[in-house]
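Novice: Sending over a structure as structure tokens; questions will come in a sec.
The values are calculated or read from the model by the stated rules, or taken from the named source; none is laboratory data. This structure is a prediction, so every number in the text was calculated from the model and none was measured. Cβ: placed from backbone, ideal geometry, glycine included. Neighbour counts: every protein chain shown. Side chains included, ligands, DNA and RNA excluded: accessible areas come from the protein's heavy atoms. Shrake-Rupley method; radii C 1.70, N 1.55, O 1.52, S 1.80 Å.
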Amino acid sequence: MKRVALAFATVCLLAGCSRGHSDWFRIYEARAAVDALRQDPAAQSAPGDVERVSALLDQAETALAEGRGDEVAQVAELALLRAHIARMGAALERIEEDASEAETALTAATQSADAEQRRLRDAKADLEALNER
């Protein structure tokens with residue numbers, strides 16, 4: 001009976017340690033994502049997103065310090081996902097701006113090509129007129 005109790009206690013201890021490491025790892029992942037979000041120049045256009053994600057990360061760290069394991073995992077995961085969403089949103093804004101600039105440049109290039117084709121047609125017409133004289 002002592003062996004069973006000792007084995008059970010060991011399993012519980014290992015499960016608890018493993019749970020703690022998992023929570024620390026989730027917080028580490030979330031912190032890395034938040035740091036990347038803070039350093040992303042495109043994310044600077046949405047400081048509210050950065051602050052909300054940072055607040056979630058602080059909440060997860062507080063829950064870990066207070067021993068609320070189930071809350072740690074959920075809040076850290078939420079912080080991680082929101083940081084990724086905010087970075088993707090910032091990247092999407094950058095892509096849309098780049099696409100708009102490319103579209104503007106394409107329109108300008110098309111207009112320039114059309115103008116050059118008109119000049120070429122006019123020059124050909126002038127050349128034909130000179131040849132007919």
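Novice: State which residue is least open to solvent (accessible area, probe 1.4 Å) when the search covers only the range 88-128 and only residues that are under 30 Å from Ala46 (Cβ atoms) and among the β-branched types (Val, Ile, Thr).
Specialist: In the first step, residues of the range 88-128 are kept if they are under 30 Å from Ala46 (Cβ atoms); the result is 88-107.
Those left that are additionally among the β-branched types (Val, Ile, Thr): 95, 104, 107.
On the way: Ile95: 105, Thr104: 91, Thr107: 68 Å².
Once the filter is applied, the top-ranked residue is Thr107.
Novice: Pick out the one residue from Thr107, Thr62 that is more than 30 Å from Trp24 (Cβ to Cβ), outside any loop (DSSP other than H, G, I, E, B) and at pLDDT 90 or above.
Specialist: Thr107
Novice: Another question, if that's okay. Is there any pair with a first residue in the range 43-68 that is without any contact (Cβ under 8 Å) to a residue 24 or more places away in the chain and a second that is exposed (fewer than 15 other Cβ atoms within 10 Å of the Cβ) and among the acidic types (Asp, Glu) whose Cβ atoms are under 9 Å apart and which are 6 or more apart or on different chains, and what are they?
Specialist: As it stands, the answer is Ala63/Asp70, since those pairs meet every condition given.
Novice: Which numbered condition in (1) open to solvent by less than 90 Å² (accessible area, probe 1.4 Å); (2) without any contact (Cβ under 8 Å) to a residue 24 or more places away in the chain; (3) not charged (D, E, K, R) is the only one that Asn131 fails?
Specialist: Against the list (1) open to solvent by less than 90 Å² (accessible area, probe 1.4 Å); (2) without any contact (Cβ under 8 Å) to a residue 24 or more places away in the chain; (3) not charged (D, E, K, R), Asn131 comes up short only on (1).
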